[in-house]
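The values are calculated or read from the model by the stated rules, or taken from the named source; none is laboratory data. Because the structure is predicted, anything quoted here is derived from the model rather than measured. Backbone-built Cβ (ideal geometry, glycine too); neighbour counts: all protein chains shown. Each accessible area value is taken on the protein alone, full model and side chains, heavy atoms only, with ligands, DNA and RNA left out. Shrake-Rupley method; radii C 1.70, N 1.55, O 1.52, S 1.80 Å.
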Amino acid sequence: MKKIKYIVIASLFGAFFTGCDDYLDINTNPDTSTTIIPEQSLPIVVFYAAQENYDHAEYGNYLSQALTTGGKSQTGTYAYKSGWEFLTMNRHPQWRRHFYDIGINVRELIKASEKMESSNFELIARTIRLMSTQLTTDVFGDMPLTEAYTGTSPKYDTQESIYAWMLQEADALIADYDNPALTQNPKNVQITPKMDRIFAGDLAKWKQFTIGLKARILLRKLPNWDNTPATCQQIIKTVDAALNGWTEPIYKYDGGTAEANCPWSKAQPSIGGWESRKNELEKAIPSEYLYKTMFGGKERMGSTMLASADDPRMESYLTARVGPKESPVLLYRYLKNNIGMDVSYKESHYPDLYNDLTKNGNPYTKVDGYVSLMLTEELLFIKAEATYWSGDKAGAHQLTEEAVRKNMDRMRPVITGNPSGDDESKKLYDSQSTALRFFNKWEKRYFENASLNEKYLPVNGFNIGHLMRQKYVAMLYQPELWNDMRRYCYSNDTNGITYDGVSIYKNLRRPYNLYEAYWMDGKEDWVQRLNYDPETEEKYNVAELKRLGAYKNFQWLKKPMIWAVNNGSHN
């Protein structure tokens with residue numbers, strides 16, 4: 001990793017945020033050398049915390065087989081949308097986001113806060129660094145930690161040691177949040193909502209998020225690494241502590257221009273241009289796996305009143321569209337992953353993932369939507385999973401249902417139209433009212449219909465497959481989607497990997513048209529990690545990549561994370 005010599009934080013980001021000073025509260029001349037104060041750097045660190053969550057989730061939706069595209073090429077600019085030929089991709093934004101956009105700025109923020117003796121800035125910065133560290137190691141594995149920023153070729157720490165550090169840092173942070181000498185320090189500068197768009201400097205709320213991060217870190221011990229009663233109880237206890245005073249860490253966007261728009265929205269902001277991946281939901285297509293297996297989608301015309309899927313949340317993510325002249329009807333169409341469209345079809349014949357037609361519920365794809373650093377239902381699912389593996393399946397069922405109901409509330413259509421307004425507002429009100437009425441109707445059916453209950457949330461016979469299926473739907477557009485699938489080793493009907501006697505992801509199969517040179521060797525291999533950033537690591541740290549066996553080696557992509565090694569003890 002190339003060492004960065006920086007003068008001021010504003011210089012690093014001046015080109016990125018031109019014209020958007022008010023949004024990130026940056027008011028320094030990017031060409032002027034000056035001393036950076038925490039009030040200027042904290043907004044950037046918080047902003048990138050949300051952006052990094054998007055970066056990971058954008059990849060994960062394709063790698064978890066939720067979304068696909070109309071093409072069927074084995075290679076492409078975005079390997080996760082084509083044939084998994086990752087080694088020729090220019091870069092992955094996750095690496096730079098952690099080490100540069102967050103890492104360097106956190107270091108400078110901590111230095112500045114220490115100089116000012118304002119400890120509140122440092123606590124928030126360390127929490128975001130902890131989150132970023134886990135997100136990054138979970139997609140790359142071994143990486144620089146102890147020697148990061150010490151030279152052009154820092155040593156890579158093992159993933160085991162990184163996890164040990166994260167648990168130690170989580171406990172140290174929680175203790176510091178409980179220390180009045182730090183949290184009530186009279187020299188603490190007041191943090192405003194413009195500096196911290198998530199919690200406005202409320203350290204009690206940042207503490208709860210830190211405890212939630214600890215729970216997520218501990219979850220990696222399940223189901224392969226250290227699935228013991230003691231671990232399960234530790235996870236349960238940690239989640240309970242997080243939920244006691246929990247406020248969800250949401251970064252809310254205002255809408256407007258550039259980075260003021262939610263990254264999942266139709267505005268498609270691309271932060272930094274060359275180093276980012278804008279969402280391409282206008283080209284994305286729901287996979288057969290998502291639509292049929294996860295949503296329980298039906299081969300019906302696209303109408304809320306007809307219940308086109310068992311799961312009412314489907315219509316909060318997708319809006320049906322009319323097909324080509326060969327099929328000029330309103331349908332929820334889908335494709336098998338990377339199989340490609342028929343020649344008469346266009347992406348516009350498949351469901352609208354921005355939901356512009358009905359604006360009926362997806363909070364992530366609105367220009368003034370939000371990115372959550374950790375969903376409340378994620379915490380409930382973490383506790384449910386630990387409760388399941390502790391042997392309490394009834395308790396796990398209850399927690400899973402609670403998490404699903406919470407997620408239903410999140411995706412429930414909202415009414416923004418006005419019944420007494422102009423024609424457009426009246427039309428919008430009627431559309432949203434209809435969507436809400438039928439969402440509520442099918443939600444009730446989802447929980448109370450005997451056949452649906454047996455399929456999705458049975459009281460009797462509830463298993464880990466039911467739990468993870470529900471978490472999959474709830475974690476759409478979240479980084480944990482791909483992490484969960486890898487934790488359970490892509491368990492499916494074909495590879496024969498089971499947990500507690502069941503396949504976790506039934507009907508899951510690898511995409512068609514995978515890059516033959518890497519993936520078509522007759523094995524059921526799946527991509528387990530991303531290759532290191534070619535723009536820095538392959539130029540400045542080749543020796544470390546070769547030591548790991550990762551240098552231009554496609555086999556490295558198949559190596560599981562330490563928490564994804566299935567030892568067979570839970571089959």
What does the charge count around PRO263 come to, taking other residues whose C-beta lies under 15 Å from its C-beta (Lys +1, Arg +1, Asp -1, Glu -1)? -3
Let me know the charge dipole size of the range 260-338 about its Cα centre in debye, to the nearest 20, where only the beta-carbon of Lys, Arg (+1) and Asp, Glu (-1) is charged. 140
How many angstrom lie between the C-alpha centres of the range 87-116 and the range 449-473? 41
Explain nothing, just compute: Karplus ³J(HN,Hα) = 6.51 cos²θ - 1.76 cosθ + 1.60, θ = phi - 60°, for every residue of the range 312-329 in order, whole Hz, x for Gly and Pro. x, 5, 3, 6, 7, 9, 10, 10, 5, 9, 7, x, x, 4, 6, 8, x, 10
Between the DSSP loop rule and a limit of at most 16 other Cβ atoms within 10 Å, which GluC sites (Glu not before Pro) in the range 278-339 are left? GLU280, GLU282, GLU299, GLU326
If the only charges are +1 at each Lys and Arg Cβ and -1 at each Asp and Glu Cβ, what is the size of the charge dipole of the chain around the Cα centre, to the nearest 20 debye? 940
Taking only protein heavy atoms and a 1.4 Å probe, what accessible area per residue, in Å², does the range 459-571 have with all protein chains in place? 38
Averaged per residue, what accessible surface does the range 227-352 expose to a 1.4 Å probe, in Å²? 40
Within the set of other residues whose C-beta is less than 10 Å from the C-beta of HIS92, count the net charge using Lys and Arg as +1 and Asp and Glu as -1. 0
So which chymotrypsin sites (Phe, Trp or Tyr not before Pro) in the range 67-139 pass both tests, a DSSP loop state and at most 15 other Cβ atoms within 10 Å of the Cβ? TYR78
Quick check for you: with a 1.4 Å probe and neighbouring chains kept, what is the accessible area per residue of the range 61-177, in Å²? 28
Sort out for me the Cα centre separation of the range 48-72 from the range 543-559, rounded to whole Å. 23
Specify which residue in the list ALA79, MET301, SER113 is farthest towards the positive end of the charge dipole of the chain, using unit charges on the beta carbon of Lys, Arg (+1) and Asp, Glu (-1), about the Cα centre. MET301
Which listed residue (ASN531, TYR512, ALA543) has the Cα farthest towards the positive end of the charge dipole for the range 495-571, taking +1 on Lys and Arg C-beta and -1 on Asp and Glu C-beta about the Cα centre? TYR512
Apportionment of accessible area to carbon and sulfur, the range 247-291, percent (1.4 Å): 53
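R0 = 25 Å: FRET efficiency of LYS427 with LYS298, Cβ-based, nearest 0.05? Could the numbers behind the result be given before it?
On the way: r = 27 Å, r/R0 = 1.07.
The value I calculate is 0.40.
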Among beta bridges that DSSP assigns inside the chain, antiparallel share in %, nearest 5: 95
Among residues other than ASN53 whose Cβ falls under 11 Å from its Cβ, what is the net charge (Lys/Arg +1, Asp/Glu -1)? -3
Given the rule -39500 (n - 2.57) for each run of at least 4 DSSP H residues, summed and divided by the residues of the chain, what is its mean residue ellipticity at 222 nm, to the nearest 500 deg cm²/dmol? -12500 deg cm²/dmol
Which residues qualify? For ILE285, with a placed amide H closer than 5 Å and at least 5 residues away or on another chain, they are THR68, THR69
So the carbon and sulfur contribution to the accessible area of the range 33-146, 1.4 Å probe, in percent, is 47
